[in-house]
1. So for each of 291-303, 228-240 I average, over its residues, the number of other beta carbons within 10 Å; can you give me the resulting order with the highest mean first?
2. With labels modelled as points extended 7 Å from the Cα through the Cβ direction, what inter-label distance (nm, one decimal) is found for Glu232 paired with Asp76?
3. Considering Cα pairs under 8 angstrom that are at least six residues apart, work out the relative contact order of the stretch 11-294 and quote it in whole percent.
4. State to the nearest 20 debye the size of the charge dipole of the chain about its Cα centre, where the only charges are +1 on K and R beta carbons and -1 on D and E beta carbons.
5. Here is the link list: Lys10/Lys180; Lys10/Lys272; Lys124/Lys272. Which ones come out longer than 31 Å on Cα distance?
6. Could you let me know the centre-to-centre spacing of the stretch 117-145 and the stretch 275-297, using Cα atoms, in angstrom?
7. Testing the spin-label approximation: label points 7 Å from Cα along Cα→Cβ at Asp123 and Arg185. State their distance in nm.
8. Taking the alpha-carbon centroid of each part, what is the distance from the stretch 222-239 to the stretch 52-66 in angstrom?
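Only the coordinates and a few stated rules stand behind these numbers; no lab work does. Remember, it's a predicted structure, so these values are computed and weren't measured experimentally. Neighbour counts run over all protein chains shown; Cβ positions are idealised from the backbone, glycine included.
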Amino acid sequence: MSPSQPLKGKVALVAGATRGAGRGIAVELGAAGATVYVTGRTTRERRSEYDRPETIEDTADLVTAAGGHGIAVPTDHLDPAQVRALVDRIADEKGRLDVLVNDIWGGEHLFQWDTPVWEHDLDKGLRLLRLAVDTHAVTSHHALPLLLRNPGGLVVEVTDGTADYNRDTYRVNLFYDLAKASVLRMAFALAHELGPRGATAVALTPGWLRSEIMLDNFGVREDNWRDALDREPHFAISETPHYVGRAVTALAADPDVARRNGSSLSSGGLAKEYGFTDLDGSRPDAWRYLVEVQDPGRPADTAGYR
């Protein structure tokens, strides 16, 4: 095993890898040498309701260019038959699954900020819960038997917020709050089911993510993202999707990762422990920043936080 590619020979599934954190995770797993199956609903032939240009084929190409082997499989993770076929394909082609990343989300266009449940569009709220919660359960149901074929498997449930932060903080609205808390709890429950069987489950959150959608919302690109600070100074703590990708890679390459079973983790927290950085060489610690600077209403100042 090459030190530069500690995951050579490993097989990963990043469910929900079209863009954002999922894409960053897939690419970094590829850079570490893994074969990465990437799934989503937007392909070069068909777009999901997001109607955005990013595709799973593009993600797979980025994985391969980074040094791994990217394989795009169009999958609607609300459809158990499609997920079962996906896992059967991985089993037939590779015979193993070492890392499962449940990153399926798809709710940016569905939630209404600071809107109480009785005013929130009910159909959109329930759809958000299905996309954010049911998809993870369906995927785990079908994928975990393959992951458990070999000891040492890792499941990463990607959410927004640490367990401590979400316990004490109202997150956007009831539907969003419930979705993100549910994913945290799924990691906790999976840890109890997987730990005795030789696998590890954790919850992982990025910080303020400079995803494609977030950059578009601010009208900037990755190469000029700081132009958005005039509009939102606290955006200075933001991070690229590669940062959380490096967090997943560090976990997957850690021979003692089982000690983290059931933990709620963050990209910034893991960067301190494993020593990785974001693409610019910094180590943003967004969740500590939110608690100590942004939420109390202090002026934006990332000194000591990145």
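1. 228-240, 291-303
2. In this crude label model, Glu232 to Asp76 measures out at 3.1 nm.
3. In percent, rounded to a whole number, it is 19.
4. The dipole of the chain has a size of about 880 debye.
5. Lys124/Lys272
6. Each part reduced to its Cα centre gives a spacing of 29 Å.
7. 2.7
8. About 25 Å separates the Cα centre of the stretch 222-239 from the one of the stretch 52-66.
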